[in-house]
Amino acid sequence: MKVTIIGTGYVGLTTAVVLAYLNHDVAAVDKDNNKLNLLHTGESPIHEPGIQDLIDNVGHTIRFTSRFDEVVPDAELIMIAVGTPPKKSGEADTRHVEDAAKEVAQFCDPDKHYTLVIKSTVPIGTNRRVAEVVNEVFSQRKIQGDVSITSNPEFLQEGLALQGAFYPDRIVVGANSDNAIEALRRLYKPILEQTFDPPSWLPRPPSYHLPPMMTTDPNSAEMIKYAANTFLALKISFINEIAGLCEEVEADVTEVARGIGLDSRIGHRFLRAGLGWGGSCYPKDTAALLGVAAQAGYEMPITAAARTVNFQQRKRIVEKLRAVLKTLHGKRIGILGLAFKPNTDDIREAPSLDIIRQLVAEGAKVTVHDPIAMPNTHKLLHDIQINFVEDVYQLSYNADALVLVTEWELYHRLELRKLAKQMKTPILIDGRNVFSPQEARSAGFHYIGIGR
Ligand code: UDX
């Protein structure tokens, strides 16, 4: 199929390269010339495991451009995958989605049928607004265009984006027309039937079952995205709330999570207690859902509480540090990990940022390490004094405490004894419960985890 994708961020670019890999004829539009320049030289503007391999493999078959007029008229299916940043009120700003829809309507051929797919995460009812925008442009152009608006939310997990794209749990399509549903079914056929040859580095998981394509109305599809993310965010906040109580009553939250996760109605996943969620989705989407609810005059106390619990986790870790060091002023603190989670250089809403700012505000001397997110952090925290080190063991020289913030695989394999030996006071705050308390203690650390 001839597909045009608008936006080459995490979602747009992943979708573009995967669809090209599945032999679709893909064009991608972006306004950002820096990104386009990189893409024209075959380089990925995002860090995502496997994406560079796919670009090396099929990137040359994708047309990357800033010109809608070149790639809209011929397309059969057009996907909007632009950002929906939060407004001050927390609601998602759909301006870029509407702008993209206007451009599409501007260059549609009046004699052709198009399926316009909204992939961006948008407030419920945006599909209707996009239809209005498209029709306004058509009436200005004095044409009767033929566009079916469809909602097809993505469930991309950063760091696992390609795995999720090739082997999704489900595909959700919200549409009012059979034509549009049929177009999406054709688009995703190789995934729905798993007829493609997997990339050598991403084999099909042996237990993987063919994914269902669920069809529904567009408003429900838009709500599914918010409800899914909010539910996962709730699950994590729930275990973090239990972790807080575990500390009071001397129980171990990792054992509690294991015990409740064995109940198949609950399940093991997303029950890791720690510093809670960051990233581009849960903080933004829970705020946006509350924004939608406020507009509707509806209260959502559970969602609001999940946010409160989540952001408290960042304060509680600083409190733990303050309690053990008596004062933070002048203390040397090493931070292990900056990205909001492993396998990404994304630091949007990362717990590390709040923690570092708080420590610096209290007069601590902060040194940080991350395998790939240091350049992004450097750009964002240029207004405060922190040290960046390339060698993780440098973090511990003369340090008063170490705080693990992101559970990078390489930190699991650290020589704890070597770290502890170099420190002024060997205190380890494990914000993700990565280490075994016994091992950390026998390596010489005063170990403090979360909820254990
Ligand atoms: C999420 C959703 O998973 C995805 O489906 C959606 O499309 C976008 O939002 P992402 O933000 O990339 O994806 O990351 P995810 O793996 O869900 O983790 C989010 C945050 O939760 C991370 O900060 C992670 O550290 C934290 N987390 C996750 C926990 O604290 N505990 C857990 O058990 C799981």
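The values are calculated or read from the model by the stated rules, or taken from the named source; none is laboratory data. Bear in mind the structure is a predicted one, so any value in this text is a computation, not a measurement. Virtual Cβ from ideal backbone geometry, glycine too; neighbours counted across all protein chains shown.
If the requirement is being in contact with a helix residue (DSSP H, G or I) (Cβ under 7 Å, 6 or more places away or on another chain), assigned by TED's automatic domain parsing to the domain that holds GLY12 and either more than 29 Å from PRO283 (Cβ to Cβ) or surrounded by fewer than 13 Cβ atoms within 10 Å (Cβ to Cβ) (or both), which of these qualifies: SER148, SER200?
Values: SER200 fails: in contact with a helix residue (DSSP H, G or I) (Cβ under 7 Å, 6 or more places away or on another chain).
Going through SER148, SER200 in turn, the sole match is SER148.
Restricting segment 259-298 to residues that are aliphatic (A, V, I, L, M) and near the ligand (Cβ under 10 Å from one of its atoms) leaves a set whose member that is nearest to ALA243 (Cα to Cα) is ALA273.
Give the residues of segment 203-221 that are exposed (fewer than 13 other Cβ atoms within 10 Å of the Cβ) and either touching a residue at least 24 places away in the same chain (Cβ under 8 Å) or part of a helix (DSSP H, G or I) (or both), sorted by residue number.
Quick first cut of segment 203-221, residues exposed (fewer than 13 other Cβ atoms within 10 Å of the Cβ) only: 203-207, 209-210, 212.
ARG204, PRO205, PRO212, listed by residue number.
Scan ILE224, ILE236 and give me the residue that is within 16 Å of the chain's Cα centre (by Cα), within 12 Å of the ligand (Cβ to nearest atom) and outside any loop (DSSP other than H, G, I, E, B).
Working: ILE224 fails: within 16 Å of the chain's Cα centre (by Cα).
None of the other options fit; the residue is ILE236.
Restricting attention to segment 1-55, the residues that are more than 21 Å from the chain's Cα centre (by Cα) and among the aromatic types (Phe, Trp, Tyr) add up to 1. Among the residues of segment 422-446, how many are hydroxyl-bearing (Ser, Thr, Tyr) and under 15 Å from THR254 (Cα atoms)? Adding up the residues that qualify gives 1. When GLY431 is tested against the conditions (1) of a type outside the set (S, T, N, Q); (2) within 16 Å of the ligand (Cβ to nearest atom); (3) surrounded by fewer than 19 Cβ atoms within 10 Å (Cβ to Cβ); (4) in contact (Cβ under 8 Å) with a residue 24 or more places away in the chain, the lone failure is (3).
When ARG170 is tested against (1) surrounded by fewer than 18 Cβ atoms within 10 Å (Cβ to Cβ); (2) under 17 Å from the mean Cα position of the chain (by Cα); (3) within 18 Å of SER120 (Cα to Cα), only condition (2) is not met. Do you know which of the residues in segment 345-375 that are part of a helix (DSSP H, G or I) and within 15 Å of the ligand (Cβ to nearest atom) is farthest from GLY330 (Cα to Cα)? Of everything passing the filter in segment 345-375, PRO351 is farthest from GLY330 (Cα to Cα). A Cβ distance below 9 Å, combined with a sequence gap of six or more or placement on separate chains, defines the contacts here; from segment 376-387, residues that are closer than 13 Å to ARG348 by Cβ reach residues that are surrounded by 10 or more Cβ atoms within 10 Å (Cβ to Cβ) and polar (S, T, N, Q) in the pairs THR377/SER352.
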